[in-house]
Amino acid sequence: MKQLYFTRAFSLLGIVYFLICAPNGVAAQKPTVLKAALPQSQVNSGASSTINLDKSTGTVEFKAVGKPGIIKINGVGANSTGTIVFRGEKVSGVQSFKMDTLVTGISLRDKHMKEKYLETEKYPDAHLKMTRLEAPIELIGKDGTRDSIPFEGLLSLHGVEKPIQGVAKWKTQGASSGTPQVDLTCSFDIKITDFKINVPTFAGITVTDKVSVTVHALAPLEFSQL
């Protein structure tokens, strides 16, 4: 009986040892994408997590104010693509957006915006390179929400690249069921003249230089075990 007990115990220890230690003794392999929530111990150890925007749903929106100030212009476009990669508190990755997808609800105004000001045929894409985002490590592996997270990046628009900064809202959902997603909203302001875009005028209305931008995405959170 004792021999059987020790045999089973030894076998179990062998399995545990293999699962934990074997990866360190084999040749380097490509990162494994995990579909379940990453254990907190691995989050703290430096394993990377990726927000895959290519599989996301969402929008890119802008808000501008016209003169007279009572006029407000709201535009919306398709979701961005790309990836945002986190390793600990470090962030990297680029989001890309098709400028021609922007609409404001008035087709003639959209035509002027794209052809005369944004010049979407010449500059079809905008890119946001994330350089700093204080990822809520405690929400990488479990559901929860954090507001007002500061972030910084480099925005490439209309052939000009400028640093931007803003705030983000992070919500992790589905981690408890093994299919984690991040609902991420990034908001920031720009001056369009900084990007060599002329201040738009349409039907006697002049848009102010300051434009508020919101990028929203609901995307899978994938983990790479290094």
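What the table below lists for this structure:
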read-out: Single residue of segment 66-79 satisfying the filter (part of a loop (DSSP other than H, G, I, E, B) and modelled with pLDDT of 85 or more) that is farthest from ALA175 (Cα to Cα); value: ALA78
read-out: Residue list for segment 191-203, filter: of a type in the set (A, V, I, L, M), surrounded by 13 or more Cβ atoms within 10 Å (Cβ to Cβ) and assigned to a loop (DSSP other than H, G, I, E, B); value: ILE197, VAL199
read-out: Only one of LYS98, LYS116, LYS122, LYS111 that is in contact with a strand residue (DSSP E or B) (Cβ under 9 Å, 6 or more places away or on another chain) and of a type in the set (Lys, Arg); value: LYS98
read-out: Elements of type strands (runs of 3 or more DSSP E) in segment 80-190, at least 1 residues being more than 12 Å from the chain's Cα centre (by Cα) and surrounded by fewer than 16 Cβ atoms within 10 Å (Cβ to Cβ); value: 90-98, 125-133, 144-157, 160-173
read-out: Checklist (1) without any contact (Cβ under 8 Å) to a residue 60 or more places away in the chain; (2) touching a helix residue (DSSP H, G or I) at 6+ places or on another chain (Cβ under 7 Å) applied to ASP189, failing item; value: (2)
read-out: Looking only at segment 46-65, and only at residues there that are part of a strand (DSSP E or B), of a type in the set (A, V, I, L, M, F, W, C) and in contact with a Lys or Arg (Cβ under 8 Å, 6 or more places away or on another chain), the one that is surrounded by the fewest Cβ atoms within 10 Å (Cβ to Cβ); value: VAL65
read-out: Inter-residue pairs, beta-carbon under 6 Å, first more than 29 Å from SER49 (Cβ to Cβ) and of a type outside the set (Asp, Glu) and in segment 206-226, second modelled with pLDDT under 90 and not in a strand (DSSP E or B), 6+ apart; value: VAL207/PRO200
read-out: First in segment 91-112 and more than 22 Å from GLY159 (Cβ to Cβ) and in contact (Cβ under 8 Å) with a residue 60 or more places away in the chain, second anywhere and part of a strand (DSSP E or B) and among the aromatic types (Phe, Trp, Tyr), Cβ under 6 Å, 6 or more apart; value: ARG109/PHE202
read-out: Enumeration of residues in segment 96-120 that are among the hydrophobic types (A, V, I, L, M, F, W, C) and in contact with a His (Cβ under 9 Å, 6 or more places away or on another chain); value: PHE97, MET99, LEU118
read-out: Residues being under 28 Å from the mean Cα position of the chain (by Cα) and surrounded by fewer than 16 Cβ atoms within 10 Å (Cβ to Cβ) - total across segment 66-75; value: 2
read-out: Residue in segment 53-65 that is at pLDDT 90 or above and among the basic types (Lys, Arg) present; value: yes
read-out: Tally, over segment 187-222, of residues that are under 20 Å from VAL94 (Cβ atoms) and at pLDDT below 95; value: 8
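The values are calculated or read from the model by the stated rules, or taken from the named source; none is laboratory data. Because the structure is a prediction, the values reported are computed rather than measured. Heads up, the Cβs are rebuilt from the backbone with ideal geometry, glycines too, and the neighbour counts pull from every protein chain shown.
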